[in-house]
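Each remark here refers to the structure printed beneath this line.
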Amino acid sequence: MVDRIGNIWGSRTPYPRDGLWPVRVDQALAEGVAEDDVDRWVQSACVLCSNGCACDIAVKDGAMVGIRGRAGDLVNHGRLGPKGLFASWQGVSHRDRLTSPLIRENGRLVECDWDTAMNRIVERSQQLLRERGPLSHGFYTSGQLFLEEYYALAIIGKAGIGTPHMDGNTRLCTATAAASLKETFGADGQPGSYTDIDSCDAIFLYGHNMAETQTVLWSRVLDRIAGPNPPKVVCIDPRETEVARHADVHLAVRPGTNLALMNALVHEVLARGWVDEYYVKAHTVGFDELKATVAPWTPEAAAAVCDVPAADIREAARIFGASERVLSTVLQGFYQSAQATASSCQVNNLHLLRGLLGKPGCGILQMNGQPTAQNNRECGADGDLPGFRNWENPAHIAELADLWDVDPLTIPHWAPPTHAMQIFRYAEQGSIEFLWISATNPAVSMPDLARIRKILAKPDLFVVVQDLYLTETAQAADVVLPAAAWGEKTGTFTNVNRTVHLSDKAVDPPGSARSDLDIFLDYARRMDFRTLQGGPLLPWDGPEDGFNAWRECSRGRPCDYSGMSYGRLRGGSGIPWPCNEENPDGRDRLYADGVFPTDADYCESYGHDLITGATVGSEMFRATVPGGKAVLKTADYLPPHEEPDGRFPMRYTTGRTAYHFHTRTKTGRSRPLNRAAPSAWIELSPEDAQRYGISEGDLTRVTSRRGRIEVPARISDIRPGTVFAPFHYGYWDDGGSPGEHPSAANELTITEWDPVSKQPVFKNAAVNVQKIADGAGPAPAPTTTASRPASGSPAVPATTGVGGEASESVGAAPPRFPQAIKGAPAPAGKDGTR
Ligand SMILES: Nc1nc2c(c(=O)[nH]1)N[C@H]1C(S)=C(S)[C@@H](COP(=O)(O)OP(=O)(O)OC[C@H]3O[C@@H](n4cnc5c(=O)[nH]c(N)nc54)[C@H](O)[C@@H]3O)O[C@H]1N2
Ligand SMILES: Nc1nc2c(c(=O)[nH]1)N[C@H]1C(S)=C(S)[C@@H](COP(=O)(O)OP(=O)(O)OC[C@H]3O[C@@H](n4cnc5c(=O)[nH]c(N)nc54)[C@H](O)[C@@H]3O)O[C@H]1N2
Ligand code: SF4
Ligand SMILES: [Mo]
């Protein structure tokens, strides 16, 4: 039996450079259920991170009773990680699920039927449209719905209502991935592929704790590291993460200083002549400006700002410059930190300078986080237009108007789409009076929670929340709509690797819960949205109609799905887009020919100034960017806005642990995961702990200009001067609102965003830390992850595995937690080694 709590990545299946990653099928079944007892296995993919591991859901007597990885899928080769194995099916099979709509009556949420709930929404919606117009409406959605659901919502918002106020939690998540790809290459779309892990000589992880946040992808890296001719690993992270522990160079930068480091890496690559001059000349513009911007950024200059040794910066640059094939992955340590888009563009620039694109082992992964964030960006239920169309290009608006048969003037395009932080600002100011929140929990996940709570509680703001559970956000709603979860509905979604999977319905939703698609279609029908011809705007009967409509919308665009169908997605592996006549089986990596989607009539964006965020505009873009060339975009380093001072002397940063997903609505309801990380903590370096008289497990108060949290301290290997808090711990399992000891990391974070991507800055703020009580024992932080106790600190009991004794917790309903987890090697004939 393999334990995926104590042993997150499972056993090694090493393989050589350019080898095939061996298959290993991971499986978990509920206690008392044997493989022979399973009635059916239903094809799906995991929705607990952007890796998109393909799986089959085990069904017995109409209930989900387990999961196993799909051996033949190109993404995971059979593997699943802790969240996939436990939280997927357990997280939604819980007695706490919402089973009927709720409406607010005399201040309290009471159960009602669907007609009552939907009528209340439609009445308010119609009244506001009459009296105030479309700008009274805002939609704040997710990175966790299915493609068909986003596309329906995009059509409702853009063509039915006509509001620019549509965004998703994708703004908090991967807005910078999209922005950096648009700035450099002209359109969103992942250049690289997971197969680049198989072929690379070096892998750079920029602010990406892949070991905990894409555990299956990290298994692939670990298997390369364990095999012959392993890749070099470079890690840029202020904490001693599992990635850092495997790194040849670990640059533990001061939070908020990424761009200084990136400018130095580019400086070194130029200074040492590690540049493919032919490639740069043939395929890029902007070289001279890039060179001038990085000129002052010697390794010594960056070392002073980032507080890392100049020699380490040189060594990292040497690894980048001298390795034949380099893979880069970028995530929240860059996207949610200062100068996010500029720092991420420098990663693209490094690859362009060396011509390391479109070849095996030479990928860029501007990572996603949420399972379906990519689809929201593609379908345009966030601040993008469907099919990566450009809001500044009237021809693109006309295409959409044609496709939907509506007046082009209905589709908002007179200004950039409104980003999430601005939507909440309009709600705060009162111009948005109707806010429909689907599949996200802003009362825990947005910055500066005291402010967000105040906005959601405004009496004149009508809030609809569509969720699986009565979350902290749902508790503030006027109407709560119970949604069907993964496994209870059919749809498609696309992972980081552009790979599209179909997830089939395995079981019925609880009570009267309905799929998000059915809810949106019902709203569209009740609102009687019409086309110019007079037909219904959304005549779809179900998800497959939505997928077919989307295929047409995507045809000829970079994210071309026209060659896919539900039929083709059933049975085999997922398929990466573009999938069309030219690429009937999809394409593994983009830009092999060095031609980029920057043609002014085709591109998704004309770009921005990376310092101010001002748009470049069509005229300037046409004058300066020859179609097909990539743009070497750059900016000078600026210090973060909130720097430590006498009152708030520490840098505060936030993030994740392997065992929980976001606000824990699923992982907190899976017993093994909940036991592994039951409650909140902060991480402090031994030096700071000593300075403040704090010992392992002591209760601390962390204060910023916005608020406070009170949680136990783990003394860990984080860089001195920095405090880390996991952001998973809201209040649904603790009375619903912050009590005596608030624990949500976002009580402290700042209302600030990147000027280009508008992604909020969750990863730097200034705080003060003090001890408020002795601890009763060690902090409740896992010992298997970045929160592991610092070397040399007192003994702390290990994070328990699933093989250990069961204990009661807020976890899953009784018979549902797994007893057997298998990590079986591949059958004979496949190249599985153990
Ligand atoms: N277990 C688990 N996996 C997940 C999720 C989850 O909630 N739990 N969520 C999914 C989602 S939606 C996302 S977006 C991804 C996020 O995946 P990651 O980006 O890997 O996760 P984070 O922990 O947010 O941040 C990564 C690292 O950034 C570091 N960091 C903090 N500040 C800075 C800085 O200024 N510079 C640099 N270079 N690094 C810094 C932190 O120490 C942290 O280790 O994970 C996905 N996978
Ligand atoms: N301090 C700090 N804050 C952060 C971050 C950080 O690193 N630090 N990371 C940010 C990032 S990257 C992200 S992605 C966000 C995540 O923040 P949230 O989106 O708020 O987090 P989740 O807990 O995933 O919320 C998703 C909600 O959707 C519900 N849900 C799940 N599936 C379905 C479905 O099919 N239909 C419906 N209707 N509902 C469903 C779940 O029950 C849950 O309540 O947090 C952001 N906030
Ligand atoms: S790596 Fe991500 S997609 Fe794969 S099983 Fe884990 S949570 Fe699910
Ligand atoms: Mo995310």
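The values are calculated or read from the model by the stated rules, or taken from the named source; none is laboratory data. Because the structure is predicted, anything quoted here is derived from the model rather than measured. Neighbour counts run over all protein chains shown; Cβ positions are idealised from the backbone, glycine included.
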task = Look through the stretch 40-66, keep the residues that are of a type outside the set (D, E, K, R), away from ligand 2 (no atom under 16 Å from the Cβ) and over 16 Å from GLY574 (Cα atoms), and return whichever of them is surrounded by the most Cβ atoms within 10 Å (Cβ to Cβ).
result = GLY66
task = Check ALA658 against each of (1) out of contact with any Asp or Glu (no Cβ under 6 Å at 6 or more places or on another chain); (2) within 16 Å of ligand 2 (Cβ to nearest atom); (3) not in a strand (DSSP E or B) and name the one condition it does not meet.
result = (1)
task = Could you please tell me which pairs satisfy a Cβ distance under 7 Å, a separation of 6+ or placement on different chains, a first residue in the stretch 284-298 that is basic (Lys, Arg), and a second residue that is assigned to a helix (DSSP H, G or I)?
result = LYS291/LEU270
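Here's the yes/no breakdown for (1) of a type outside the set (Lys, Arg); (2) in contact with a Lys or Arg (Cβ under 8 Å, 6 or more places away or on another chain); (3) not in a helix (DSSP H, G or I):
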{"site": "PRO509", "(1), (2), (3)": "yes, yes, yes"}
{"site": "PHE520", "(1), (2), (3)": "yes, no, no"}
{"site": "ARG525", "(1), (2), (3)": "no, no, no"}
{"site": "GLY534", "(1), (2), (3)": "yes, no, yes"}
{"site": "TRP540", "(1), (2), (3)": "yes, no, yes"}
{"site": "GLU544", "(1), (2), (3)": "yes, no, no"}
{"site": "ASN580", "(1), (2), (3)": "yes, yes, yes"}
{"site": "ASP599", "(1), (2), (3)": "yes, no, yes"}
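This table checks each residue for (1) surrounded by 24 or more Cβ atoms within 10 Å (Cβ to Cβ); (2) more than 15 Å from ILE718 (Cβ to Cβ); (3) more than 16 Å from ligand 3 (Cβ to nearest atom).
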position: GLY227; (1), (2), (3): no, yes, yes
position: PRO230; (1), (2), (3): no, yes, yes
position: GLU240; (1), (2), (3): no, no, yes
position: ARG245; (1), (2), (3): no, no, yes
position: ALA252; (1), (2), (3): no, no, yes
position: PRO255; (1), (2), (3): yes, no, yes
position: ASN258; (1), (2), (3): yes, yes, yes
position: LEU261; (1), (2), (3): yes, yes, yes
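On the given criteria, is ALA322 away from ligand 2 (no atom under 16 Å from the Cβ), surrounded by fewer than 24 Cβ atoms within 10 Å (Cβ to Cβ), in the same structural domain as ALA202 (by TED's automatic domain parsing) and over 27 Å from GLY52 (Cβ atoms)? Can you show your working first?
On the way: away from ligand 2 (no atom under 16 Å from the Cβ): yes; surrounded by fewer than 24 Cβ atoms within 10 Å (Cβ to Cβ): yes; in the same structural domain as ALA202 (by TED's automatic domain parsing): yes; over 27 Å from GLY52 (Cβ atoms): yes.
So ALA322 passes the test.
Which members of the stretch 1-56 meet the condition of being charged (D, E, K, R) and either out of contact with any Ser or Thr (no Cβ under 8 Å at 6 or more places or on another chain) or assigned to a loop (DSSP other than H, G, I, E, B) (or both)?
Step one: list which residues in the stretch 1-56 are charged (D, E, K, R), which gives 3-4, 12, 17-18, 24, 26, 31, 35-37, 39-40, 56.
ASP3, ARG4, ARG12, ARG17, ASP18, ASP26, GLU31, GLU35, ASP36, ASP37, ASP39, ARG40, listed by residue number.
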ask   = Taking the condition among the basic types (Lys, Arg), under 27 Å from the mean Cα position of the chain (by Cα), at pLDDT below 95 and in a loop (DSSP other than H, G, I, E, B), does ARG79 pass?
value = no
remark   = Flagged in the stretch 372-390 as in contact with a Cys (Cβ under 6 Å, 6 or more places away or on another chain) and within 16 Å of ligand 3 (Cβ to nearest atom), in numbering order, are ALA373
task = Report whether or not LEU481 is modelled with pLDDT of 95 or more and under 14 Å from ILE156 (Cα atoms).
result = no
ask   = Within the bounds of the stretch 195-209, is there any residue that is in contact (Cβ under 8 Å) with a residue 12 or more places away in the chain, more than 30 Å from VAL280 (Cα to Cα) and outside the structural domain of ARG124 (by TED's automatic domain parsing)?
value = yes
key: Flag for GLY383 being within 16 Å of ligand 2 (Cβ to nearest atom) and modelled with pLDDT under 95   = yes
